[in-house]
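Visitor: The structure that follows is given in the form of structure tokens.
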Amino acid sequence: MTIGIIGSGRVGATLGKRWAQAGYTVLFGVRDPDAEKVRALLAEAGSNACTEHIEDIPRRTSAIVLATPHPALRAVIAQMGNLRSNILVDCTNPISPGLRLTVGHSSSGAEQLAGYVGGTPVVKAFNTMGFETMADPDFNGITASMFLCGDDDTANRTVANMAEDIGFDAVITGPLKHARYLEPMAMLWIEMAMGNEHGRDTAFRLLRRGQATGR
């Protein structure tokens, strides 16, 4: 499977490296493939990763991971053009300066994204944790949960497999409207991570009675 990554910041870079190291082919959509930051990223990711022009990502990938700032999504979607049958994995959170959600209650950032892209499947995922957990989801033998939601069952299962392949306990919560709850959940993580008591190296775990608490 080939995964496109839009955004080479901490989230996009960390996920891309993990998937490349897990055996996926990873294409980083970047504006300047010769930038020092990008070349360093490719060196760390290994031979399964390379760069690609953003507008060419849809025709060469099965899933596209959106790891840009939320306000950039519409411009990125416009630049990519025809999304074909790709799955869009929305890792963003609609947060304004001052750390406030800009969407909520009756909609979500992910649902707005779905409105931009017509029938292209959108899965909300990888938005409720820091990049540190993406790099290593194991907490003393207990695996962090990665919550996801979407309206397409096949897309949800594909993204769940992508999460499990890099060590997560994948939890499909239900339809895309559940992003209305996952985006505020990200705000809870941010508020906790910014305090001295918890810090960034924390994650959520769903416990299921009668099941083991590891992977």
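We did not get these values from a lab; they are worked out from the coordinates using the rules stated. Bear in mind the structure is a predicted one, so any value in this text is a computation, not a measurement. FYI the Cβ positions are ideal-geometry reconstructions off the backbone, even for glycines, and counts take in every protein chain you see.
Visitor: Within region 83-155, which trypsin sites (Lys or Arg not before Pro) sit in a loop by DSSP and count at most 16 neighbouring Cβ atoms inside 10 Å?
Guide: In loop regions of region 83-155 (DSSP not H, G, I, E or B), the sparsely surrounded trypsin sites (Lys or Arg not before Pro) are Arg84.
Visitor: Now for a separate question. Whole Å is fine, so just give me how far the alpha carbon centre of region 158-215 lies from that of region 60-135.
Guide: Comparing the Cα centres of region 158-215 and region 60-135, I get a distance of 17 Å.
Visitor: What's the Kirkwood radius of region 2-194 in Å, using all Cα pairs?
Guide: 16.6 Å
Visitor: Could you go through region 71-80 in sequence order and give the Karplus-derived ³J(HN,Hα) for each residue, using 6.51 cos²θ - 1.76 cosθ + 1.60 with θ = phi - 60°, rounded to whole Hz, and x for Gly and Pro?
Guide: The phi angles translate into x, 8, 4, 4, 5, 5, 4, 5, 5, 6 Hz.
Visitor: Further question on the same structure: Between Ala35 and Arg60, what FRET efficiency follows from the Cβ-Cβ distance if R0 is 22 Å, with the result rounded to 0.05?
Guide: Efficiency computed from Cβ-Cβ geometry: 0.60.
Visitor: Can you give me the relative contact order of the chain as a percent, contacts being Cα pairs under 8 Å and 6 or more apart?
Guide: Reported relative contact order: 18 percent.
Visitor: Of the options Gly109, Ala75, Gly4, report the single residue whose Cα projects farthest towards the positive end of the charge dipole of the chain (beta-carbon charges: Lys, Arg +1; Asp, Glu -1).
Guide: Gly109
Visitor: Separate question: Step by step: find N for region 14-68, compute 2.2 N^0.38 Å, then divide the Cα radius of gyration by it. What's the final number?
Guide: Output field value: 1.03.
Visitor: Diagonalise the Cα gyration tensor of region 141-214 and give the resulting equivalent ellipsoid semi-axes, square root of 5 times each eigenvalue, largest first, whole Å.
Guide: 22, 17, 11
Visitor: If each residue of separation counts as 0.36 nm, what is the full-extension length gain between Glu197 and Arg100 once their alpha-carbon separation is subtracted?
Guide: Length gained, Glu197 through Arg100: 32.8 nm.
Visitor: For region 27-154, what's the relative contact order in percent, using C-alpha pairs closer than 8 Å and at least 6 residues apart?
Guide: 19 percent
Visitor: Among Leu73, Leu148, Leu188, which one shows the highest mean-square fluctuation when the chain is modelled as a Gaussian network with alpha-carbon springs under 10 Å?
Guide: Per the Cα network of the chain with a 10 Å cutoff, Leu188 tops the list.
Visitor: Let me know the volume per residue of the alpha-carbon convex hull for region 104-191, in Å³.
Guide: 93 Å³
Visitor: Continuing with the same structure: Could you check what % of the DSSP bridge pairs in region 2-194 are antiparallel, to the nearest 5?
Guide: 20 percent
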